[in-house]
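For reference, the structure discussed in these notes is given below.
The values are calculated or read from the model by the stated rules, or taken from the named source; none is laboratory data. This one's a predicted model, so the numbers in the text were calculated from it and none came from an experiment. Cβ placement follows ideal geometry from the backbone for every residue including glycine, while neighbour counts extend to all protein chains displayed. For accessibility, only protein heavy atoms count, side chains too; no ligands or nucleic acids. Shrake-Rupley method; radii C 1.70, N 1.55, O 1.52, S 1.80 Å.
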Amino acid sequence: MKEYDNKSPIYLQIITEMKMRMASGKLVAGEKIASVRELAQEFEVNPNTMQRALAEMERDNLFYTERTSGRFVTTDEGLIMTLRNRLAEQELKKFMGYMEQIGYSKKEIIQKIETWKKEEKE
């Protein structure tokens, strides 16, 4: 069973997951997405919850609907790249905030990342 965080509405968590799929290339520009019912089953939610998430993504121009064909991922590659950059910045802010909370300076954080990167290559 899918685990959802009680701190935010489920439809927002679904939107986050769908945005991650777009940013990572799992959902490609112009790709047809599954039906509301299929996605509701996959995410283990009520179809109304899924519809709300998809409608919100359409409002943000991340998805679009063709009347008889279904719903598709935006073909705007620039929008997808902007989304990807925004998601990366959000994660970096969280990471930096956490590292600063545990006492690292920005310089130390960069050094830590560089050390980690070198160790990963070995």
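Assorted remarks:
- Heavy atoms of residue 95 accessible to a 1.4 Å probe, total area in Å² rounded to 10: 80 Å²
- Once the 1.4 Å probe is applied to the protein heavy atoms, region 60-122 comes out at 84 Å² accessible per residue.
- Too-long pairs where the Cα-Cα distance tops 25 Å, listed order kept, from 2/118; 7/93; 2/26: 2/118
- Exposure of residue 71 as accessible area (Å², to 10), given a probe of 1.4 Å and all protein chains: 40 Å²
- Each Lys or Arg adds one and each Asp or Glu subtracts one; over the other residues with Cβ under 15 Å from the Cβ of residue 104, this totals +2.
- Cut-off 11 Å between beta-carbons: net charge of the residues surrounding residue 74, Lys and Arg +1, Asp and Glu -1: -4
- Of (i) 25, 14, 12; (ii) 42, 15, 13; (iii) 34, 18, 13, the label for semi-axes √(5λ) of the Cα gyration tensor in Å derived from the coordinates: (iii)
- Computed extension gain for residue 81 through residue 102, at 0.36 nm per residue and net of the alpha carbon distance, reaches 4.4 nm.
- Exposure of residue 110 as accessible area (Å², to 10), given a probe of 1.4 Å and all protein chains: 100 Å²
- Cα centroid separation, region 72-86 to region 104-122 (Å): 30 Å
- Distance between modelled label sites at residue 2 and residue 17, nm, 7 Å Cα→Cβ extension: 0.3 nm
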